[in-house]
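Since every read-out is calculated from the coordinates, none of them should be taken as a lab result. Note that this is a predicted model, so its numbers are computed, not measured. When we count neighbours, we look across all protein chains shown, and the Cβ atoms used for this are built from the backbone with ideal geometry, even at glycine.
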Protein chains: 2
Amino acid sequence: MDLLESISRERNLPVTIQRRVVLNALLDRDDHPTVDQLFEDVKVRMPGVSRTTIYRALETLVELGLARRTNHFEASARFDGNTDHHHHLVCRRCNHVADIDHPSLKKFTPPHLGNTAFKVLDYSIHLEGLCAECQKRGSKSAPKKQTAKRPRALSR
Amino acid sequence: MDLLESISRERNLPVTIQRRVVLNALLDRDDHPTVDQLFEDVKVRMPGVSRTTIYRALETLVELGLARRTNHFEASARFDGNTDHHHHLVCRRCNHVADIDHPSLKKFTPPHLGNTAFKVLDYSIHLEGLCAECQKRGSKSAPKKQTAKRPRALSR
DNA sequence: CTGCCTGCAAACGATTTGCACCAGC
DNA sequence: GCTGGTGCAAATCGTTTGCAGGCAG
């Protein structure tokens with residue numbers, strides 16, 4: 001009945017108290033907490049935890065498929081001069097974002113939720129998966145810590 | 001014929017060379033450049049620009065509706081313990097993300113792009129707009145610089 | 001035991017901000 | 001001339017990393 005335990009065993013990862021508490025804190029909420037919100041929650045049960053541990057636990061939980069990031073996070077913001085609405089392919093491994101314009105995406109029309117609750121101004125469909133390059137690279141190689149390097153930083 | 005100029009005039013904003021060059025740099029690319037990529041492009045034409053200016057010009061261009069951010073960016077990462085696939089409402093003003101489960105969203109099925117190009121593992125639909133609260137607040141009030149504050153930072 | 005994990009502090013990198021000067025209109 | 005924009009440097013803030021102990025298996 002304990003998913004965390006069985007999945008951890010499969011991967012030969014120890015089940016630490018911290019990871020268990022972080023997971024429970026996450027499951028106890030129905031919103032999309034930030035690391036710091038979870039940190040506060042976890043601190044109640046484990047006054048000694050460090051924020052770093054929350055970061056690492058979440059990273060592990062995502063790898064184990066027990067949690068998700070709700071924002072397609074990247075180190076840096078990206079901009080687009082194309083203000084028409086179009087959809088995106090997001091590579092799970094390298095985070096590369098490509099535009100897509102496929103006929104079957106045109107068939108979708110967003111629901112009208114009634115202007116009271118949430119006024120829909122636009123919508124976009126995110127297809128998540130693996131880009132051609134990352135498929136070739138296989139699941140072994142580096143999970144790709146993508147930090148757009150800033151050529152010469154005029155350091156302080 | 002000059003969109004930047006007419007929109008700027010509407011809002012009583014000056015048309016600076018910098019903003020014009022940043023917009024052109026953005027339009028000249030068909031990918032989703034980062035601030036630093038644009039900075040490099042702009043530097044070719046204006047050796048003296050500062051990165052800060054690119055940041056500020058992009059912010060303005062987004063406000064004017066001439067550019068977009070391609071990643072729903074927030075200062076901090078958010079996590080979700082709900083690994084079922086579900087869709088999101090993203091408020092343009094306050095960046096709040098809510099889950100949504102509306103019947104009409106079920107009708108959508110993602111395209112198979114052929115496993116060669118991009119292997120779709122999952123998809124999600126982002127509805128962008130204004131949440132109830134922000135609709136009430138109207139378009140006047142603070143654009144909401146949302147920085148999840150970290151209670152007591154044990155400062156150095 | 002052995003390896004992965006934790007906590008701490010310092011490093012990092014993207015973005016923001018305060019300030020003095022300059023440019024559109 | 002007034003208002004808002006720019007450039008610079010320093011500050012911020014989220015996140016990552018190096019390292020010395022600790023704990024799960």
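Past 20 Å, Cα to Cα: identify those pairs from A:107/A:136; A:106/B:136; A:106/B:107; A:107/B:106; A:136/B:106, in the order given. Beyond 20 Å: A:107/A:136; A:106/B:136; A:136/B:106. Other residues within the sphere of radius under 12 Å centred on the Cβ of residue A:5, judged by their own Cβ, net out at +2 (K and R +1, D and E -1).
Modelling each spin label as a point 7 Å along the Cα-to-Cβ direction, I'd like the residue A:9/residue B:104 distance in nm, to one decimal. With each label point 7 Å from Cα toward Cβ, the separation is 4.7 nm. Each of A:96, A:130, A:61 was placed along the dipole of region A:2-136 (beta-carbon charges, centred on the mean Cα), and the one lying farthest toward the positive end is A:61. In whole angstrom, region A:2-136 maps to an equivalent ellipsoid with semi-axes of 34, 21, 15, each derived as √(5λ) from the alpha carbon gyration tensor and ordered largest first.
In nanometers and ordered shortest first, the copy-to-copy spacing of the residue A:13 label point, defined 7 Å from Cα toward Cβ, is 4.4. Centre-to-centre separation between the Cα atoms of region B:4-68 and those of region A:32-86: 30 Å. Taken along the Cα-to-beta-carbon direction at a fixed 7 Å, the label points for residue B:50 and residue B:121 span 4.2 nm.
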